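The values are calculated or read from the model by the stated rules, or taken from the named source; none is laboratory data. Since this is a predicted model, take the numbers as computed values, not measurements. Please note: Cβ atoms are built from the backbone with ideal geometry, for glycine as well, and neighbour counts cover all protein chains shown. Note: accessible area is taken over every heavy atom of the protein model, side chains too, but ligands, DNA and RNA are not part of it. Shrake-Rupley method; radii C 1.70, N 1.55, O 1.52, S 1.80 Å.
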Amino acid sequence: MEAAAVPQELPPDRGAHELFGYVGIEAVLEQMKVKTMKMGFEFNIMVVGQSGLGKSTMVNTLFKSKVSRKASQPGQEERIPKTVQLRSVTHVIEEKGVKMKLTVTDTPGFGDQINNENCWDPIIKYINEQYERYLREEILITRKRKIPDSRVHSCVYFIPPTGHWLRPLDLEFMRRLSKIVNVVPVIAKADTLTLEEREEFKQRIQRDLKAHAISVYPQEDFDEDPDDRLLNDRIREKIPFAVVGADQEHQVNGKRVLGRKTKWGIIEVENPAHCEFPMLRDLLIRSHLQDLKDITHNVHYESYRVRRLNESNRPALSSNNGLPGSDEDGDESNL
């Protein structure tokens, strides 16, 4: 009896084959575009900084829409919360047929107290709660085709324009948060500094971040190829972006522009010669939005998921999907 012929396994061909006719592979890009336009997508941004730094105005400027409301109306004194409170608002915004479900989370009360010890705890707790919510949906036997994503994809941290150096609060916050979320630092109200002061302040901040081994977005470790590294190196040279926010238009040389009116003239928000708002907008929306979401899912959420599933091997489990109790008590021992 003849032995059955064993198929010979050929070594993989690592080079791309030259096609001798049209296959239509590139049509998958159009398919992905159509699907995305039908389903839309989610993007969740958190803004952190002390009161009066223009966080709401900046978010409204970014998305050219009133997606973030100020805590107080003009002429009214803003009440500063005694503790850090988190407020989230969600809007669906649409541009050229593409829908984005945008959630903006503000953190009133952060950095506003005489004693700001552990003021980052409610923020860390909130970020971990969103990871926990996603994980509990993900491990269900029968789960939704599309899991609702409330995870924070980017945390924009507003640095006061002191022109001196980073405060211990700034360093400690970014050190802790950069381990669990994409932190993008910006110098708020940069128009209060001269160009020379702005550049010196930026260099001091870069030195401080390096000295304390704080890795803000875009992180060097996650550059995927030389082209990514080249682009991200140019961005890293500019971080923190010196920004100015404005949600009112003014007439400049016959054109309507977003800007702030001062006694020296109009500061044009979208003019790179005036501030670095266009760089922040491009990073968050036009060039790196998908990368922010990918790093959130593949790095930050994955670290959380692995830790939580490792905890599930411990003897004391809750009856909730085989996971131990979540971190919603704000216990930092697991952070």
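Taking only protein heavy atoms and a 1.4 Å probe, the accessible area of region 103-164 is 50% carbon and sulfur. The peptide list 179-191, 245-257, put in order of mean Cβ contacts within 10 Å with the highest first, becomes 179-191, 245-257. For CYS155, the residues whose modelled amide H falls within less than 5 Å of its own, excluding neighbours fewer than 5 places apart on the same chain, are MET46, ASN182, VAL183, VAL184. Bridgeable aspartates and glutamates around LYS38 (alpha carbons under 15 Å apart, same-chain partners fewer than 8 residues away excluded): GLU30, GLU94, GLU95. Net length available on complete extension from LYS238 to THR194 is 14.2 nm, with 0.36 nm assigned per residue and the Cα-Cα distance removed. Rolling a 1.4 Å probe across the protein heavy atoms gives region 84-236 an accessible surface of 52 Å² per residue. Length available on full extension from LYS66 to LYS255: 0.36 nm per residue minus the Cα-Cα distance, which gives 65.9 nm. Between ILE141 and LEU230, what length comes free when the chain is fully extended (0.36 nm per residue of separation minus the Cα-Cα distance, one decimal in nm)? Net length gain for the segment: 27.8 nm.
For a straight C-alpha distance cut-off of 18 angstrom, the lysines reachable from LYS210 (same-chain residues fewer than eight places away being disregarded) are LYS179, LYS202, LYS238. From most to least packed by mean Cβ count within 10 Å, the peptides 39-45, 226-232 give 39-45, 226-232.
Once the Cβ-Cβ distance of ALA273 and ARG204 is raised to the sixth power relative to R0 = 25 Å, the FRET efficiency obtained is 0.65.
In this structure, ASP121 and PHE20 have a Cβ-Cβ separation that, at R0 = 51 Å, corresponds to a calculated FRET efficiency of about 0.20.
Between the residues PHE222, PHE201, GLY265, the greatest Cα displacement towards the positive end of the dipole of region 193-269, with unit charges on the Cβ of Lys, Arg, Asp and Glu, is found for GLY265.
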